[in-house]
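As structure tokens, the structure follows; a few thoughts come after it.
The values are calculated or read from the model by the stated rules, or taken from the named source; none is laboratory data. As the structure is a prediction and not an experimental result, all values here were calculated from the model. When we count neighbours, we look across all protein chains shown, and the Cβ atoms used for this are built from the backbone with ideal geometry, even at glycine.
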Amino acid sequence: MFAAFPTTVPAAPPSFEEVKRAHVPSEAELLDRHGELLHELRVDAHVRRLAWVPLADVSPSVVEAVVRAEDRRFFQHGGVDWRALGDAAIDTYIKGAPRGASTLSMQVAAMLEPKLRAQGSHRTVAQKFDQIAAARALEARWTKQEILEAHLNLSAFRGELVGIGAAARGLFGKAPSGIDAREAAILAALLRGPNATPDLVAKRACAVAVEKDCAPFQTLARAGLSGPPRMEPRRAMAPHLARELLSAAAPKVVTTLDAGLQAQVLDVLARRMGELGGRGVQDAAAIVIDNASGEVLAYAGNQGAGSSAPFVDGVKAPRQAGSTLKPFLYEQAIADRLLTAASLLDDSPANLATPSGLYVPQNYDHEFRGAVSVRTSLAGSLNIPAVRALMLLGPERFVDRLRDLGFEHVVASGDFYGWSAALGSAEVSLWELTNAYRTLAAGGTWSRPHVLPAPAGRSRQVLDPGAAWIVADILADRGARSTSFGLENPLATRGWSAVKTGTSKDMRDNWCVGFSRRYTVGVWVGNFGGQPMRDVSGVSGAAPAWLDLMQRLQRGDARGAPSRPADVVVQHVRFVPEIEPERDEVFLRGTEVAEIVMKTAEGSALRIEYPGDGAILAVDADIPADVQRVWFRATAPREDLRWQLDGVLLADQGGTIVWAPHPGRFELALVDPEGKVLDRVRFEVRGATKVR
């Protein structure tokens, strides 16, 4: 009988292990450092096939139903059920009622060899004989359990669902081990007609189960087969990272993340976003890096439930940095010995000429504090002193330092950013920014962070170790920070930590980045759509989430502040006059001083600090005119000073007065009690009405 139809298939089928290794799931897996699933992502758009399911993990009900429906004598024959084959031949060729008689072994053989698959609805006689030969060869090499396991994993059940894993989850929302007897009968019935109607599947399942009441099967089939498959991912904790790392070529990737910490980060961000509801905040991101190794332990690309751009990765997306770049500005100025932590900077109105016009920096609270130390300026995030520090250093050198720190999005020249570079006009990513703070934590040593397990990468010294330590000491100083934020604020952790906040122009982004001895944490909240937030700053937006995360990370960690480097010395400093309380201050060796004296010239001329000569102010059409104001300020808060606007003496007097602006060109004069003009400026107010 076999001589008439010689076999055309290989004599030896592949081994069971070879077939398992060739099984490629359509769902890729992102794993944490311990092998725990972080995220499941579909990478094959044509089929839904899950990981290979061992027979031991399949419900016995499924095995019984499939054997009963497809091959009752499976455990007795050697690959071919000759009795069933003979009955099928009689029905097909004599009675004219075609039906198949392929055993499970024959079906698996056809799954493994494309030449054995039916052309149309039936196989040719030659194909049938080849299939018989292949099934016998398969039985000679595989065990019955291996054949049954392969059949369950390779069979198409419904639509795009292939394999028992995808079928059990997609149709019933269960693992294969949890399938009950009626569900098993439905699955067995689908093997004969994967795309049959729910009612026909229910009828066949009822026959498989040998039950008289078919109503339960009809209910079950309609519920499971009428809609799309229930293929929700088992875990969805790192979607942005999964899309970056997973593919059909990389279906299983182990990362440095910790699933437990990742879950905590997602929970903290979700709760923070809920607390910010109604303030126009749609997006949030966070990252946690191990200081010593550079391993990323948590990565939340965008946790905004109502985000207008959920696929944007907030860890990698470039955004304006705000005040978070100030620590690197002061570090460079201290390292170059242009400033010390005790140096005084002028926090008073500044009108800086630029090629595009006057640049007039403002503090966040619109207040001015006069002379303040570098420690107070940085800890309190004062803007004008930072601009004055940049004037000492130069924008080009500062931008070069940012590039050394790995800020790859800072591509323009220092002249392009100008003095606004001190206040974070450059765009950076949370990834870059958090690692730059990790560099501060590491005493100025920079290396790349990584999410894939790897030996420590090459490192390089980019910051002065002593200056980096001094900046970290300032960022950890609660007392210095209290000038702007008070002693109790979302930046004060139980253990030692150094932290800085930042808010971009028009409140579109706010940041909070800081480090302990062991971890660096970065948090961003904002809107990828570009809409400004309402009444949200770095302290009120991102900082509470940062605090929560850092407090969790510091549990059980008793390490205090990092040791002071050998080139950093402590010196008691007194300020004359007492601008700030005397204190012990830290200096790079050779820059220490015991007394800081602010000299004022006897009888120095008073002048107008704001507005500057030639300033152009604008009336905002979106703000009611009756609430818009301009502050006229003098260099000294004398109560007897008087002001003239276009020659008319104003009713108010003193070092600072408030004026309601309206469009026009004006001349403002500062007058002493005797009527002598001390200073004079010209400025313009532009608005909707015609300028006179």
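Descriptive notes on the structure:
- Of the criteria (1) in a loop (DSSP other than H, G, I, E, B); (2) free of Cβ contacts under 8 Å to residues at least 24 places away in the same chain, which one D584 fails: (1)
- When A209, A285, A242, A205 are checked against the criterion of being surrounded by 17 or more Cβ atoms within 10 Å (Cβ to Cβ) and out of contact with any helix residue (DSSP H, G or I) (no Cβ under 9 Å at 6 or more places or on another chain), A242 stands alone in meeting it.
- Yes/no for A189 being at pLDDT 95 or above and touching a Lys or Arg at 6+ places or on another chain (Cβ under 9 Å): yes
- Among (1) closer than 16 Å to H240 by Cβ; (2) in contact (Cβ under 8 Å) with a residue 60 or more places away in the chain - the single one Q303 does not satisfy: (2)
- Residue match in region 176-183 (condition: under 20 Å from I164 (Cβ atoms), in a helix (DSSP H, G or I), assigned by TED's automatic domain parsing to the domain that holds A69 and among the polar types (S, T, N, Q)): yes
- Residue check, A69 at pLDDT 90 or above and in contact with a Pro (Cβ under 7 Å, 6 or more places away or on another chain): no
- Selection count, region 320-331, where residues are within 13 Å of R508 (Cα to Cα) and surrounded by 24 or more Cβ atoms within 10 Å (Cβ to Cβ): 2
- Residue within region 268-289 that is in the same structural domain as P449 (by TED's automatic domain parsing), touching an Asp or Glu at 6+ places or on another chain (Cβ under 7 Å) and assigned to a loop (DSSP other than H, G, I, E, B) present: yes
- From the options R403, R448, R438, residue that is among the basic types (K, R), out of contact with any His (no Cβ under 8 Å at 6 or more places or on another chain) and not in a helix (DSSP H, G or I): R448
- Among the residues of region 186-206, those that are of a type in the set (A, V, I, L, M, F, W, C), touching a residue at least 12 places away in the same chain (Cβ under 8 Å) and farther than 17 Å from L161 by Cβ comprise A202, C206.
- The set of residues in region 258-299 being under 15 Å from the mean Cα position of the chain (by Cα) and of a type in the set (V, I, T) consists of V265, V268, I287, V288, I289, V296.
- Residue count for region 212-235, restricted to those that are loosely packed, with under 14 Cβ neighbours inside 10 Å and under 27 Å from A285 (Cβ atoms): 2.
- Taken together, the criteria place V569 among residues that are among the aliphatic types (A, V, I, L, M), at pLDDT 85 or above and either assigned to a strand (DSSP E or B) or within 37 Å of the chain's Cα centre (by Cα) (or both).
- Cβ separations smaller than 6 Å between residues 6+ apart or across chains give the following pairs from region 454-469 residues that are loosely packed, with under 13 Cβ neighbours inside 10 Å to residues that are assigned to a loop (DSSP other than H, G, I, E, B): G457/S447; G457/R448.
- Extreme residue, nearest to the chain's Cα centre (by Cα), among residues of region 236-255 that are of a type outside the set (A, V, I, L, M) and more than 18 Å from R49 (Cβ to Cβ): H240
- Residue ID - farthest from the chain's Cα centre (by Cα), chosen from residues in region 159-168 that are of a type outside the set (A, V, I, L, M) and buried (at least 23 other Cβ atoms within 10 Å of the Cβ): G163
- Filter pass, F632 being aromatic (F, W, Y) and in contact (Cβ under 8 Å) with a residue 40 or more places away in the chain: no
Quick grid of which residues meet (1) assigned to a strand (DSSP E or B); (2) crowded, with 20+ Cβ neighbours inside 10 Å; (3) touching a residue at least 60 places away in the same chain (Cβ under 8 Å):
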position	(1), (2), (3)
R481	no, yes, yes
R494	no, no, yes
N510	yes, yes, yes
T520	yes, yes, yes
W524	yes, yes, yes
V539	no, yes, no
A545	no, yes, yes
Q551	no, no, no
